[in-house]
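The next block holds one structure in the form of structure tokens; read it before the comments.
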Amino acid sequence: SLARERILRPRSLQLRSKQQQWQDSPEGQKMVEFRKTLPAYKEKDALLKVISENQVIVVSGETGCGKTTQLPQYILESEIEAARGAACSIICTQPRRISAISVSERVAAERGEQIGESVGYKVRLEGMRGRDTRLLFCTTGVLLRRLLLDRSLKGVTHVVVDEIHERGMNEDFLLIVLKDLLPRRPDLKLILMSATLNAELFSSYFNGAPAMHIPGFTYPVRAHFLEDLLETTGYRLTAYNQIDDYGEEKTWKMQKQAQLKKRKSQISSAVEDALEAADFKGYNFRTRDSMSCWSPDSIGFNLIENVLCHIVKGERPGAVLVFMTGWDDINSVKNQLEAHPLLGDPNKVLLLACHGSMASSEQRLIFDRPPEGIRKIVLATNMAETSITINDVVFVVDCGKAKETSYDALNNTPCLLPSWISKAAARQRRGRAGRVMPGECYHLYPRCVYDAFADYQQPELLRTPLQSLCLQIKSLGLGSISEFLSRALQPPEALSVQNAVEYLKVIGALDDNENLTALGKNLSMLPVEPKLGKMLILGAIFNCLDPIMTVVAGLSVRDPFLMPFDKKDLAEIARSKFSGRDYSDHLTLVRAYNGWKDAERTQSGYEYCWKNFLSAQTLKAMDSMRKQFFFLLKEASLIDNIDSCSKLSHDDHLVRAIICAGLFPGICSVVNKEKSITLKTMEDGQVLLYSSSVNGNVPMIPFPWLVFNDKVKVNSVFLRDSTAISDSVLLLFGDKISSGGFDGHLKMLGGYLEFFMKPTLASTYLSLKRELDELIQN
Ligand code: ADP
Ligand code: MG
């Protein structure tokens with residue numbers, strides 16, 4: 001190892017002198033000075049000392065104190081200082097792509113380097129790193145996939161897991177794996193970073209690892225709740241005027257009542273009761289809850305519009321950060337604001353959207369300061385809560401909700417609903433306004449609602465389906481799924497685990513003994529949900545990869561069909577033009593995408609999008625995702641050339657069958673009655689279709705079954721994106737033959753299908769089906 005050090009040394013000295021040169025330049029000096037002003041700087045030596053003396057350490061500190069950009073850099077600098085620069089490899093995980101990219105760019109800039117020199121990033125399907133990269137920012141998913149190939153993380157010296165307070169599923173999972181790895185890699189250092197003070201939980205999980213806190217400084221932020229808004233903005237909701245009459249006493253009573261209700265375990269009912277007590281007639285939260293979206297209704301929009309006008313007309317400079325529930329809301333509100341005489345005036349206002357799945361070049365705009373005299377307004381999801389910092393924000397507008405997946409294990413149904421955020425999240429949102437000067441935060445809900453919020457959000461592991469996770473546990477060879485998950489920080493319910501394992505068995509990713517099958521192994525290599533991975537693999541096997549890649553890209557990015565709030569009818573008509581009367585949202589999507597590709601080649605793609613209510617941005621994102629699928633499938637040696645895998649792309653029947661194979665067991669039966677269609681699934685009974693579905697507005701569906709991508713529970717169970725299929729497709733592609741043999745197989749299918757089969761047909765079917773299953777598995 002001494003010889004090794006001698007060889008490595010010159011490189012590390014090189015790195016060091018280059019840094020010195022940069023730090024001596026005027027720009028570099030400015031950066032060095034800036035870095036010294038961050039609260040983390042004062043703790044630098046103490047932090048490095050604790051890291052050197054312990055294997056695990058938990059670091060907490062206010063957002064913006066310098067955890068993400070500074071701490072990994074301190075480690076890098078001290079390694080270079082100790083002449084270990086060339087031998088160290090620091091990996092810092094981020095929960096989201098955008099933060100991994102923007103943080104790595106920032107750190108490279110702080111070091112006067114290009115990205116890909118000593119600092120790099122790697123996110124799903126995209127990355128920038130070079131031979132000299134020693135500090136790599138990546139998504140948690142990327143590190144998990146690396147563990148798949150190299151279980152002991154050979155060569156890695158430090159793992160920094162950032163934003164652990166968010167309790168994302170991947171992070172919780174990673175912590176179990178790392179906890180197992182630590183005794184086998186005594187030289188590996190683990191640093192956990194959190195924006196909130198609840199470090200004890202993590203510290204005790206890692207056998208009492210030391211916890212360090214970075215004291216931070218933020219300017220005070222004044223909080224305005226809905227009741228205050230009336231006064232501060234001069235804004236009145238007609239039915240809301242009564243609030244003035246309530247007076248202080250009433251407000252106090254409302255608060256007291258809400259506090260009592262807090263004990264209720266269900267936050268929604270507590271909020272509902274509190275609202276009942278508050279009698280917010282003009283501000284009907286309840287109807288809003290039963291709809292799937294929070295803001296783009298008239299009252300919500302009016303409120304936002306008024307608050308923004310109030311800020312923009314005001315004297316105080318500073319950017320505005322608006323927290324919304326999701327992409328749909330952001331788009332819809334942005335469109336409406338663009339039509340506003342003041343807020344839509346590009347000479348006065350720079351309106352930006354900030355969302356995890358937008359292009360990275362666009363994301364960068366958010367960080368730049370706008371030209372003099374122009375107010376920057378950023379509409380963002382809860383992503384802007386902790387992981388990215390927009391420096392010039394002085395005003396925060398908080399709608400109080402975030403779209404959160406929750407999971408109903410009893411009905412085995414994921415629900416994606418805007419739900420009230422936690423107190424911690426509301427505080428965090430507020431804090432974003434106090435970074436450069438004292439700020440203002442407008443919470444668009446009454447204080448009594450805030451009082452009824454939960455203290456913290458539930459960990460994701462406890463509220464989402466666990467299929468991908470279970471597959472990863474198996475492919476990492478981590479033993480029994482339920483045993484492994486029982487070692488989590490907060491283990492998920494047994495029933496959720498069981499549902500996920502059952503699902504993986506049904507789709508053929510696990511065999512009856514819970515061992516990974518060949519299909520399962522391939523699925524775990526693809527960074528998409530198992531069902532989408534299965535579609536890709538089958539698309540490749542059956543030579544119809546082209547449309548299947550489009551379907552999968554559409555399902556993993558988002559629907560490119562726009563549904564503007566005020567032009568829903570026109571949008572639905574535009575969409576139905578692509579439906580081709582074949583009762584499939586997926587094939588409709590393929591046609592729209594192909595039409596766009598043609599338009600791009602010949603005329604203007606934008607014009608095409610405009611005419612057809614399509615999002616050019618989403619189509620472009622799908623396009624690049626398709627390219628990435630191709631590379632991934634190639635990397636996994638599942639295909640060698642796209643043309644041979646797409647020979648049968650025009651065979652809609654085949655494409656339908658592959659869609660069915662992927663989406664099974666997401667299936668419902670179709671019964672056409674006079675003028676109405678009844679849809680039923682085994683688990684939910686009657687279900688409904690979203691009106692945006694091409695199958696949602698037809699008088700009848702001449703197929704016995706629909707396969708669907710997703711079901712969402714919003715009062716009733718709604719299906720999203722469906723494709724109609726025939727009996728034979730369901731029989732051949734819907735399921736694998738279980739170990740119960742043909743009889744067992746029929747019995748299982750019998751649950752879905754009352755299918756009478758002649759004995760002669762049965763043996764033909766059986767051999768066909770066997771052949772098919774073998775093909776899929778091998
Ligand atoms: P933390 O991880 O503790 O929330 P960060 O390390 O992300 O803090 O940020 C520390 C400081 O660095 C921020 O307060 C901000 O002033 C500055 N900073 C971070 N990212 C950027 C950027 N992209 N552009 C300019 N300044 C930035
Ligand atoms: Mg951070």
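Quick note: the coordinates plus some simple rules give every number you see, no bench work behind them. What you see is a predicted model, and the numbers here were worked out from it, not measured in a lab. Every residue, glycine as well, gets a Cβ built from its backbone with ideal geometry; the counts of neighbours run over all protein chains shown.
Quick note on segment 492-635: its Rg to Rh ratio, both from C-alpha atoms and Rh being the Kirkwood radius, is 1.06. Neighbours of Tyr41 by Cβ distance under 13 Å: Lys/Arg scored +1, Asp/Glu scored -1, total 0. Per-peptide packing, taken as the mean over residues of other Cβ atoms within 10 Å, places 329-340, 650-661, 95-106 in the sequence 95-106, 650-661, 329-340 from highest down. The listed peptides 16-23, 627-634, ordered by packing as a protection proxy, come out as 627-634, 16-23 (highest mean of other Cβ atoms within 10 Å first). Packing around the peptides 505-513, 537-545, taken as the average count of other Cβ atoms within 10 Å per residue, puts them in this order, highest first: 537-545, 505-513.
Dividing the mean sequence gap of close Cα pairs (under 8 Å, 6+ apart) by how many residues segment 90-192 holds gives a relative contact order of 30 percent. For Val59, nonlocal amide neighbours, meaning residues 5 or more places apart or on other chains whose placed amide H falls under 5 Å from its own, are Leu192, Met193, Ser194, Met212. Other residues whose C-beta falls under 15 angstrom from the C-beta of Ile701 contribute a net charge of 0, scoring Lys and Arg +1 and Asp and Glu -1. Each label was represented as a point 7 Å from its Cα along the Cα-to-Cβ direction; for Lys521 and Asp187 these points are 3.1 nm apart. Counting 0.36 nm for each residue step from Asn302 to Gln21 and taking away their Cα separation leaves a gain of 95.7 nm. In order along segment 432-449, the Karplus-derived 3J(HN,Hα) couplings, from 6.51 cos²θ - 1.76 cosθ + 1.60 at θ = phi - 60°, round to 5, 8, x, 8, 10, 7, x, x, 10, 10, 9, 8, 8, 8, x, 4, 5, 5 Hz, and Gly and Pro are given as x. A Förster distance of 30 Å, applied to the separation of the beta-carbon atoms of Leu688 and Lys423, puts the FRET efficiency at 0.30.
Neighbours of Pro459 by Cβ distance under 10 Å: Lys/Arg scored +1, Asp/Glu scored -1, total -2. For the pair Leu48 and Gln498, a Förster radius of 30 Å applied to the C-beta separation gives a FRET efficiency near 0.10, rounded to the nearest 0.05. Cross-link pairs exceeding 19 Å between alpha carbons, from the set Lys44/Lys189; Lys154/Lys521; Lys577/Lys597: Lys154/Lys521. Take the Cα of Ser556, step 7 Å toward its Cβ, do the same at Asn641, and the gap between the two points is 2.5 nm.
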